[in-house]
1. When the dipole is taken about the Cα centre of the chain, and only Lys, Arg (+1) and Asp, Glu (-1) are charged at their Cβ, what size is it in debye, to the nearest 20?
2. Which angle between 0 and 90 degrees, to the nearest 10, do you get for helix 13-23 versus the longest principal axis of the chain when only C-alpha atoms count?
3. Taking the alpha carbon gyration tensor of the chain, what are the square roots of 5 times its eigenvalues, largest first, to the nearest whole Å?
4. Of 3, 17, 47, which is farthest on the positive side of the dipole of the chain, counting Cα position, with +1 on Lys and Arg Cβ, -1 on Asp and Glu Cβ, and the Cα centre as origin?
5. What angle, in degrees between 0 and 90 and rounded to the nearest 10, separates the Cα long axis of helix 47-62 from the longest principal axis of the Cα atoms of the chain?
6. Based on DSSP H runs of at least 4 residues, each adding -39500 (n - 2.57), what is the mean residue ellipticity at 222 nm of the chain after dividing by all its residues, to the nearest 500 deg cm²/dmol?
7. List the GluC sites (Glu not before Pro) within the chain that fall in a DSSP loop (any state other than H, G, I, E or B) and whose Cβ has at most 10 other Cβ atoms within 10 Å.
Amino acid sequence: MPSKYQSHYPENWSNIALEVKQSVGWRCSKCRLQCIRPGDDTKKLTCSLRMEQMQPYLKKRLS
């Protein structure tokens with residue numbers, strides 16, 4: 001997180017965020033897509049690939 005926003009969060013924010021993400025299986029609560037976990041290989045994950053994965057969610061939301 002950028003340092004200019006650190007004052008908006010408690011000191012243990014990283015721990016809180018990690019616990020929440022683990023508790024939901026690293027899935028987005030809105031679109032249910034799998035989130036990137038620490039240590040995941042993202043070399044082959046392009047922005048266009050991620051957008052392609054989101055298309056079903058976006059179509060459903062816009063209709």
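1. Dipole magnitude for the chain comes out near 400 debye.
2. Rounded to the nearest ten degrees, it is 40.
3. Taking √(5λ) for each Cα gyration eigenvalue gives 26, 15, 13 Å.
4. Going by the charge dipole, the pick is 47.
5. That helix lies at roughly 80 degrees to the long axis.
6. -13500 deg cm²/dmol
7. 11
Throughout, read-outs are computed from the coordinates displayed, never taken from laboratory work. Everything quoted here is computed from the prediction, not taken from an experiment. Heads up, the Cβs are rebuilt from the backbone with ideal geometry, glycines too, and the neighbour counts pull from every protein chain shown.
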